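Asker: Dumping the structure here so I can ask a few things about it.
The values are calculated or read from the model by the stated rules, or taken from the named source; none is laboratory data. Every value quoted in this text rests on a predicted model; they were computed, and no experiment measured them. Because the Cβ atoms are built from the backbone with ideal geometry, glycine has one as well, and the counts that use them run over all protein chains shown.
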Amino acid sequence: MTDRFPLDRHDIRRVLDLALASGGDFAEVYVERHYAAFVELEEDIVKETGESVGLGLSVRVLKGDQTGFGYTNDLSPEKVRKVALTAAAIVNGRRKLAPSRPRAASPLAGIYRVRRPAHSARLAEKIGLAREAYDSARRFDPRITKVKAHLQDSFREILVANSEGLFVADARPMVRLVCSAIAEKRGRRESGFWGGGGRVGLEYFSRALTPRVIGEEAAREALVLLEAADPPAGEMPVVLAPGHSGVLIHEAVGHLLEADFVRKKTSIFWNKLGRKVGSGLITIFDDPTIPGFRGSYAVDDEGTRPRKTLLIEKGRVRGFLQDRLSARMLKRPLTGHGRREGYESPPIPRMSNTYIDRGEDDPADIIRSVRKGFYVQSLQGGEVEDSGKFTFSVSLGYLIESGRLTAPIRQATLIGTNIDILNRVEAVGSDLAFSLQTGTCGKEGQSVPVTDGCPTIKISAMTVGGRR
Amino acid sequence: MSGGRARPRAASEELTDLAEWVVGFALRCGADEAEAVVNDGFEFNVDVRKGRVEHLEEAGEKALRLRVIKDGRTAHAASSDLEPGVLRRLVRNAVTRARLSSPDEYAGLAPLSTTALPGPELDIYDPDMAGLAAAAKIKLALETERVALSDKRITNSHGATLTSAEGRLVIVNSNGFRGDYRQTYCSLGVGLQAGETDNRAEDYWFSAKRHFRDLDPPEAIARKAVARTVRHLNPRKLRTGNVPVIFEPTQTAWLLGFLFACVSGTAVYQKSTFLAGRLGRLIAHPRVTVVDDGLLPRGLGTRPFDSDGLPSQRTEVIKNGRLLNYLCNFYAARKLGLKSTANASGTGVGPTNFYLMPGPETPERMIVGTRRGLILTKTIGHGLNPVTGDISRGAFGLWVEGGEVTFPVAEVTISGNLGRMLKEVEAIGNDLDLTSAVTGPTVKFAEMTVAGR
């Protein structure tokens with residue numbers, strides 16, 4: 001594995017040694033080689049294909065809560081030395097430590113589910129998959145006027161070595177096929193979206209989710225939206241559909257349990273470990289070890305083996321998502337949530353696959369219990385600030401009237417304060433499901449793949465931002 | 001790569017040699033046309049928090065992007081690994097992939113322009129930036145945060161950040177275009193919280209410039225960040241209703257970003273914008289004029305040429321309410337039967353300095369003239385749909401009653417439709433400040449729905 005990189009174990013130990021020369025108490029080298037490719041179909045043709053490769057290295061030095069960081073994509077010995085010295089400059093003292101002898105560690109097994117790796121498949125096969133999604137959306141209905149299908153895959157090989165002797169390599173596959181469709185009727189245009197993938201091989205598209213289904217669902221969503229009404233405005237009961245609505249938990253709760261915000265005391269949760277913050281019906285996990293999922297990994301970007309982490313148990317805060325720096329400062333165990341977008345970025349605590357655990361309510365009963373309310377079917381994403389105020393955007397919803405889903409509703413925004421919403425959860429269904437395997441989360445300019453999940457959930461009152 | 005030359009090469013020549021070699025190699029591999037873009041960047045970044053350096057970063061990176069066209073079929077490639085063997089393989093793969101792609105009659109490189117490229121008058125490179133000592137930059141960040149934290153109402157800090165960056169970009173293509181330029185960028189900002197843990201307000205402020213000496217002083221940035229944060233303390237929720245909404249310049253900025261997405265030539269030919277097919281029509285109130293100006297001296301979006309190698313220009317997008325131009329790269333322009341507006345950015349279309357022209361009103365007068373309404377100060381969430389023009393976002397603001405600010409507002413949403421809003425612009429402020437490349441002054445809209453209780 002490490003022969004994929006132009007540095008060997010001894011080179012890396014020398015870099016770590018240099019990085020510690022001015023008194024740092026921890027040093028880390030991260031090397032990455034990545035490969036990515038895409039195919040895009042539009043206007044009935046293969047519009048674009050692309051391929052990118054990259055190789056780079058970063059060095060990080062910690063001294064207490066201070067970080068020195070540098071990177072380069074020129075792996076010549078002089079440049080790498082310079083990067084080590086740049087990172088070392090965070091502290092201006094004398095050497096305290098020498099790096100420990102490297103001990104090879106192994107990542108978790110069974111996380112990546114690949115029979116036929118996308119990165120070594122023929123381009124024609126990938127074009128074929130995108131074409132199938134494209135055609136099935138295009139032919140679905142005459143009102144579908146525009147389709148785009150995009151297949152993208154990547155293969156990222158990483159090596160993490162640190163001054164504590166950790167030395168671990170990982171090779172992460174990823175594939176994603178998405179389709180968007182535009183439907184038109186009497187001058188009105190609406191768009192629909194569907195997709196899937198994960199840390200899987202191309203066989204996924206003949207088993208778990210076929211390109212045909214991806215195309216049809218994108219078209220179907222656009223067509224439903226053509227008939228959709230503007231959303232109602234004001235406070236009302238909200239029911240979240242299973243799966244997609246997990247992004248609400250990602251925004252409302254997940255981000256503020258990332259330990260950097262806890263360590264800095266900017267998160268509303270910083271002083272709430274062990275305290276009850278929401279309904280006893282709510283239990284939340286973040287699990288980077290779900291096989292094949294987009295948010296999963298066999299080792300995090302600091303070389304830590306990840307583990308399923310309990311965040312909220314029956315409404316009580318039980319844990320935070322840790323990276324090394326935060327775990328050191330908070331004196332808490334590592335959870336394996338130190339992630340980075342690439343070698344150009346320092347690791348920070350991030351979510352992986354975040355979900356609300358299944359409850360006991362019958363989903364049909366939950367909908368039946370609402371006289372007048374809003375049902376959230378699919379979501380575009382959301383945002384949160386550290387104070388706990390969050391929003392998320394609903395691309396398709398339904399009105400609930402007398403316990404039944406009625407008119408489709410387009411483009412609404414829900415807003416709330418996280419602890420209020422957690423306390424207003426009145427029912428949690430038994431139907432846990434996960435979002436489409438297409439999601440990406442952004443934080444401090446870094447994007448990482450994630451997945452969210454939740455069962456059907458009822459919130460007694462939430463502000464729905466509509467028009468009137 | 002360029003072979004053994006005896007004399008030392010200037011940085012720009014080295015990058016140009018690399019780009020020329022890649023273009024030449026692509027043609028030798030069978031491409032009809034080829035284009036290479038090489039970026040060489042250096043960045044310094046310091047985060048300070050609670051009076052100490054928290055994160056110090058310095059890094060440099062080179063990367064290459066390539067486009068080849070064979071029989072009207074296009075393929076793209078990119079690499080940050082500039083090892084000759086890697087690049088050769090990438091170029092060969094690209095030519096092979098192009099053959100598998102579909103012919104597209106609109107594909108192709110832009111022809112060599114006869115207009116001379118703008119030069120140093122753009123003033124986007126600060127020669128002093130590279131020589132600034134890290135210690136001086138760290139001091140500025142520390143000073144900014146110190147001033148902010150000296151205000152007793154501020155209870156926590158997200159930290160202050162100073163970034164300085166410089167880069168060189170070279171484009172070479174097989175139509176004979178050869179261009180390169182250097183640019184610099186720096187920014188200084190601070191993020192703050194006020195109030196106790198369970199009832200916090202937060203906001204930030206920053207200054208971003210091409211030239212280091214143009215940065216606002218730390219005191220000014222800190223005081224503005226403090227004022228912007230504390231004004232959100234103890235907010236109330238509103239009752240749902242339709243009211244006039246005054247967008248502060250930071251809010252006009254995202255609205256203009258959304259407008260850009262709706263006038264981008266790519267969105268137009270993809271029919272993914274409600275403004276497709278509206279060229280020449282009155283789409284906004286006559287007081288609305290929007291320009292994209294790639295030539296604005298020291299502008300954050302300024303550059304001498306776009307990524308197709310076409311010289312930058314100033315384009316009137318909306319003039320007195322009329323939609324005059326879509327913003328296009330060479331490809332989108334060809335598809336639409338228009339001329340490129342030199343908005344090629346990477347492989348797509350992007351804005352340069354895209355802004356709403358200021359009007360005659362002061363923001364103060366706009367507030368005084370509002371009987372009941374919301375000043376929009378901050379928004380979160382996505383909720384922008386170019387296909388329909390629909391807007392729906394989480395909002396923070398200040399409530400205006402009888403021409404005066406009465407209390408802060410949070411946990412509401414605003415919604416409206418860009419198409420309708422453009423026609424219902426009631427007033428435009430005189431406070432245009434080009435702190436970001438896509439922006440505008442204070443704007444008052446006649447009506448949006450604010451949803452709360």
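Asker: I'd like to know if the stretch A:97-112 contains one or more residues that are out of contact with any Cys (no Cβ under 7 Å at 6 or more places or on another chain), surrounded by 17 or more Cβ atoms within 10 Å (Cβ to Cβ) and of a type in the set (A, V, I, L, M, F, W, C).
Answerer: Yes, the stretch A:97-112 has at least one match.
Asker: Continuing with this model, one more query. Considering the stretch B:65-97 alone, what residues qualify as being free of Cβ contacts under 8 Å to residues at least 24 places away in the same chain and facing chain A (nearest Cβ under 9 Å)?
Answerer: B:Ala77, B:Ala78, B:Ser79, B:Ser80, B:Asp81, B:Glu83, B:Val86, B:Arg89, B:Asn93, B:Thr96, B:Arg97, listed by residue number.
Asker: Mind checking which residues of the stretch B:282-326 are over 18 Å from B:Ala344 (Cβ atoms), surrounded by 21 or more Cβ atoms within 10 Å (Cβ to Cβ) and in contact with a Gly (Cβ under 6 Å, 6 or more places away or on another chain)?
Answerer: Those that are over 18 Å from B:Ala344 (Cβ atoms), surrounded by 21 or more Cβ atoms within 10 Å (Cβ to Cβ) and in contact with a Gly (Cβ under 6 Å, 6 or more places away or on another chain): B:Ala284, B:Val288.
Asker: Is one or more of the residues making up the stretch A:261-274 modelled with pLDDT of 95 or more, surrounded by fewer than 18 Cβ atoms within 10 Å (Cβ to Cβ) and not in a strand (DSSP E or B)?
Answerer: Scanning the stretch A:261-274 turns up at least one residue that is modelled with pLDDT of 95 or more, surrounded by fewer than 18 Cβ atoms within 10 Å (Cβ to Cβ) and not in a strand (DSSP E or B).
Asker: Quick check on this structure: which one of A:Gly24, A:Gly68 is crowded, with 22+ Cβ neighbours inside 10 Å, more than 10 Å from chain B (Cβ to nearest Cβ) and over 24 Å from the mean Cα position of the chain (by Cα)?
Answerer: Exactly one of A:Gly24, A:Gly68 is crowded, with 22+ Cβ neighbours inside 10 Å, more than 10 Å from chain B (Cβ to nearest Cβ) and over 24 Å from the mean Cα position of the chain (by Cα), namely A:Gly24.
Asker: Kindly provide the set of residues from the stretch A:294-321 that are out of contact with any helix residue (DSSP H, G or I) (no Cβ under 7 Å at 6 or more places or on another chain), farther than 16 Å from A:His250 by Cα, touching a residue at least 60 places away in the same chain (Cβ under 8 Å) and surrounded by 21 or more Cβ atoms within 10 Å (Cβ to Cβ), ordered by number.
Answerer: The answer is A:Tyr297, A:Ala298, A:Val299, A:Asp301, A:Gly303, A:Pro306.
Asker: Which one of these is buried (at least 23 other Cβ atoms within 10 Å of the Cβ) and not in a strand (DSSP E or B): B:Val22, B:Val48?
Answerer: B:Val22
Asker: Looking only at residues that are more than 8 Å from chain B (Cβ to nearest Cβ) and not hydrophobic (A, V, I, L, M, F, W, C) in the stretch A:373-387, which one is surrounded by the fewest Cβ atoms within 10 Å (Cβ to Cβ)?
Answerer: A:Gln377
Asker: What helices (runs of 4 or more DSSP H), lying completely within the stretch A:312-431, carry at least 2 residues that are touching a Gly at 6+ places or on another chain (Cβ under 7 Å) and either closer than 30 Å to B:Leu192 by Cβ or modelled with pLDDT of 95 or more (or both)?
Answerer: Correct list: A:363-368, A:418-423.
Asker: Can B:Arg228 be described as assigned to a helix (DSSP H, G or I), within 14 Å of chain A (Cβ to nearest Cβ) and not polar (S, T, N, Q)?
Answerer: Judged against the criteria, B:Arg228 is a match.
Asker: Moving on. Whether any residue in the stretch A:79-94 is crowded, with 20+ Cβ neighbours inside 10 Å, without any contact (Cβ under 8 Å) to a residue 40 or more places away in the chain and under 30 Å from B:Gln270 (Cα atoms) is what I want to check.
Answerer: Within the stretch A:79-94, not a single residue is crowded, with 20+ Cβ neighbours inside 10 Å, without any contact (Cβ under 8 Å) to a residue 40 or more places away in the chain and under 30 Å from B:Gln270 (Cα atoms).
Asker: How many residues are within 26 Å of the chain's Cα centre (by Cα) and either more than 30 Å from B:Thr96 (Cα to Cα) or more than 7 Å from chain B (Cβ to nearest Cβ) (or both) when one looks only at the stretch A:51-64?
Answerer: Number satisfying all stated conditions: 4.
Asker: Mind checking which residues of the stretch A:139-168 are surrounded by fewer than 22 Cβ atoms within 10 Å (Cβ to Cβ), small (Gly, Ala, Ser) and away from chain B (no Cβ under 13 Å)?
Answerer: A:Gly165
Asker: Let me ask something else about it. Give all pairs with beta carbons closer than 6 Å in which a residue from the stretch B:437-453 that is farther than 26 Å from B:Gly350 by Cα meets a residue that is among the hydroxyl-bearing types (Ser, Thr, Tyr) and assigned to a loop (DSSP other than H, G, I, E, B); count only pairs at least 6 apart in sequence or on separate chains.
Answerer: Hits for this filter: B:Ala451/B:Thr240; B:Gly452/B:Thr240.
Asker: Restricting attention to the stretch B:424-434, does a residue exist that is more than 25 Å from B:Ile318 (Cα to Cα) and surrounded by 21 or more Cβ atoms within 10 Å (Cβ to Cβ)?
Answerer: Scanning the stretch B:424-434, I find no residue that is more than 25 Å from B:Ile318 (Cα to Cα) and surrounded by 21 or more Cβ atoms within 10 Å (Cβ to Cβ), so the answer is no.
Conditions tested, residue by residue: (1) within 14 Å of chain A (Cβ to nearest Cβ); (2) in contact with a Ser or Thr (Cβ under 7 Å, 6 or more places away or on another chain); (3) buried (at least 17 other Cβ atoms within 10 Å of the Cβ).
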{"position": "B:Ala333", "(1), (2), (3)": "no, yes, yes"}
{"position": "B:Ser340", "(1), (2), (3)": "no, no, yes"}
{"position": "B:Arg371", "(1), (2), (3)": "no, no, no"}
{"position": "B:Val400", "(1), (2), (3)": "no, yes, yes"}
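Asker: Can you work out which of the residues in the stretch B:373-391 that are in a loop (DSSP other than H, G, I, E, B) and either surrounded by fewer than 22 Cβ atoms within 10 Å (Cβ to Cβ) or modelled with pLDDT of 95 or more (or both) is nearest to the other protein chains (Cβ to nearest Cβ)?
Answerer: The qualifying residue nearest to the other protein chains (Cβ to nearest Cβ) is B:His382.
Asker: Just give me the residues in the stretch B:170-215 being closer than 28 Å to B:Thr114 by Cβ and not in a loop (DSSP other than H, G, I, E, B), in sequence order.
Answerer: B:Val170, B:Ile171, B:Val172, B:Asn173, B:Arg178, B:Gly179, B:Asp180, B:Tyr181, B:Arg182, B:Gln183
Asker: Could you grab me the full set of residues in the stretch B:418-442 that are under 24 Å from B:Ser392 (Cβ atoms) and either at pLDDT below 95 or more than 14 Å from chain A (Cβ to nearest Cβ) (or both)?
Answerer: Selection gives B:Leu422, B:Lys423, B:Val425, B:Glu426, B:Ala427, B:Ile428, B:Ser436, B:Val438, B:Thr439, B:Gly440, B:Pro441, B:Thr442.
Asker: Taking the stretch B:239-272, which residues are at pLDDT 95 or above and out of contact with any strand residue (DSSP E or B) (no Cβ under 6 Å at 6 or more places or on another chain)?
Answerer: Within the stretch B:239-272, B:Pro249, B:Thr250, B:Trp254, B:Leu255, B:Leu259, B:Ala261, B:Cys262, B:Ala267, B:Val268 qualify.
Asker: A further question on this structure: For the stretch A:134-173, what are the residues that are part of a loop (DSSP other than H, G, I, E, B) and either out of contact with any Lys or Arg (no Cβ under 6 Å at 6 or more places or on another chain) or under 13 Å from A:Glu42 (Cα atoms) (or both)?
Answerer: Residues satisfying the conditions are A:Arg139, A:Phe140, A:Asp141, A:Pro142, A:Ser163, A:Glu164.
Asker: Which numbered condition trips up B:Val405, out of (1) in contact with an Asp or Glu (Cβ under 8 Å, 6 or more places away or on another chain); (2) away from chain A (no Cβ under 13 Å)?
Answerer: It is condition (1) that B:Val405 fails.
Asker: Within 14 Å of chain A (Cβ to nearest Cβ) and β-branched (Val, Ile, Thr): does that describe B:Val450?
Answerer: The answer is yes for B:Val450.
Asker: Any chance you could count how many residues in the stretch B:241-264 are of a type outside the set (D, E, K, R), closer than 22 Å to B:Gly301 by Cα and away from chain A (no Cβ under 14 Å)?
Answerer: Of the residues in that region, 12 qualify.
Asker: Would you confirm, using the coordinates I've provided, whether B:Thr266 is in contact with a Gly (Cβ under 9 Å, 6 or more places away or on another chain), assigned to a helix (DSSP H, G or I) and crowded, with 20+ Cβ neighbours inside 10 Å?
Answerer: For B:Thr266, the condition - in contact with a Gly (Cβ under 9 Å, 6 or more places away or on another chain), assigned to a helix (DSSP H, G or I) and crowded, with 20+ Cβ neighbours inside 10 Å - is met.
Asker: Residues to consider are A:Leu159, A:Leu166; find the one that is in contact with a helix residue (DSSP H, G or I) (Cβ under 9 Å, 6 or more places away or on another chain) and closer than 24 Å to A:Ile111 by Cα.
Answerer: Only one candidate passes the filter, namely A:Leu159.
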